[in-house]
Amino acid sequence: MGLSLRGLRLEELQDVCVAAGLPKFRAGQVFEWVQAKGAGAWDEMKNVPASVGEALAGAVDLTSLEALKTQVSRTDGTRKYLFRLGDGQTVETVLMLYERKVARDRATVCVSTQVGCAMGCAFCATGLGGLVRNLEAGEIVGQVLEIMRQVRQEDPEFRVTNVVFMGMGEPLQNYGSLLAAISLLNNPKGQNIGMRRMTVSTCGIVPRILDLARDNPQVTLAISLHSARDEVRDRLVPMNRHYPLQELMDACRKYIEITNRRITFEYALVKGVNSSPQDARDLARLTEGLLCNINLIPVNAVRETGLERPTEAENAEFARILTEAGVEVSLREEKGSDIDAACGQLRKRQGGEFLVLNGKV
Ligand code: SAH
Ligand code: SF4
């Protein structure tokens, strides 16, 4: 098996072409077929002679991710895909559609960066089974390309407009592949997704936050905060024991200084744990003066964790305290919870059957 074609930058593909005795310009053609149009076979590449595919077949691998299962939410059209990777491992990926009145509709793909996750956050389904392995750049980009290919069969104009690295795994623990995937998705000859339309979400790996500020200053950074108190955050997000709040907030301040970009803080509201009025006041104090917004997410059900959401009145009160303190705050629009596609509900599954909920896919 050769290098994954979907993970190769244009310059790398040029080297592969030259090494295979092909002219350099073939690399540009193949790159566009794969990265812009999502080609999954050599014979789909109309202006590329079969001899090119034959010359490259030993060096690169074009097999795409296989969608074992696709589920479509009955309530909002959110789609969840279970993809099988080359070695038989599986990851889940989510497509969220937002209708807009003016500009073209937004289509956000939530990609996975690891099979499983080593971080063990208390509320999250992904972390339950630990980490299996990192994804390669081609496997991360491949999730976007495969979804685009499938949806284009129904709607040839379909485009993925946004990517959030918020699926399975901790993106900053797979840093090299993350950067490569960002660069590929951003390439004007590929998906051409603007840096600002990509969001990297992390549980708070401090040194990598600073690396990201220097390497990719334009992507949007989201920090999974979930508590403004170390003793609570230690339990919810175990990485806090390595990088406690003060270090994390210092890194955030440096990040903003370097990039001039607003940070999003994600805060899953859990009944009886982090959702009291005092918790809200602590959060307002922690983020005071920082260029940021706070995204409140009533915790999504994961059977094994036993954690519950606060009441709607408690959530509203929490948001009100923050707003009054001058913090920009939103309650996250919930997508796909009827198919377990909401935040924290993605997990490694035993694939096999192909399930269609509304007959569209
Ligand atoms: N590992 C990264 C990105 C993937 S998790 C991170 O932790 O940031 C994406 C987001 O979902 C994170 O903010 C995470 O804290 C949140 N999340 C995890 N489980 C959740 C749950 N059960 N309910 C609501 N949000 C959850
Ligand atoms: Fe990993 Fe993020 Fe889940 Fe924590 S919330 S276990 S970091 S995927």
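Each reported figure results from applying straightforward, stated rules to the coordinates on display, with no laboratory input. Worth saying up front: this structure is predicted, and the values here are computed from it rather than measured. A quick note on method: Cβ atoms are made from the backbone with ideal geometry, for glycine too, and the neighbour counts reach across all protein chains shown.
For the pair Glu288 and Tyr98 in one chain, pulling the backbone fully straight at 0.36 nm per residue adds 65.3 nm over the alpha carbon distance. In this simple spin-label approximation, Asp211 and Arg159 carry label points 7 Å from Cα along the Cα→Cβ vector, and these lie 3.2 nm apart.
Report the residues of region 246-286 in range of a label on Arg229: point 7 Å along Cα→C-beta, backbone N strictly under 12 Å from it. 272-283, by backbone N distance to the label point. Annotation for region 219-238 versus region 1-41: alpha-carbon center distance of 40 Å.
Using Cβ point charges alone (K and R +1, D and E -1), the dipole size of the chain about the Cα centre works out to roughly 460 debye.
With R₀ set to 30 Å, the beta-carbon distance separating Ala316 from Arg241 gives a calculated FRET efficiency near 0.40. I want to make sure I understand the PRE zone here: with the label point 7 angstrom from the Cα of Asn47 toward its beta carbon, which residues in region 14-33 have backbone N atoms less than 15 Å away? Output list for this probe position: 24-33.
Averaging the sequence gap over all C-alpha pairs within less than 8 Å and six or more residues apart, then dividing by the number of residues, gives region 38-128 a relative contact order of 15 percent. Sorting 136-143, 248-255 by average packing, meaning the other beta carbons within 10 Å per residue, from highest down gives 136-143, 248-255.
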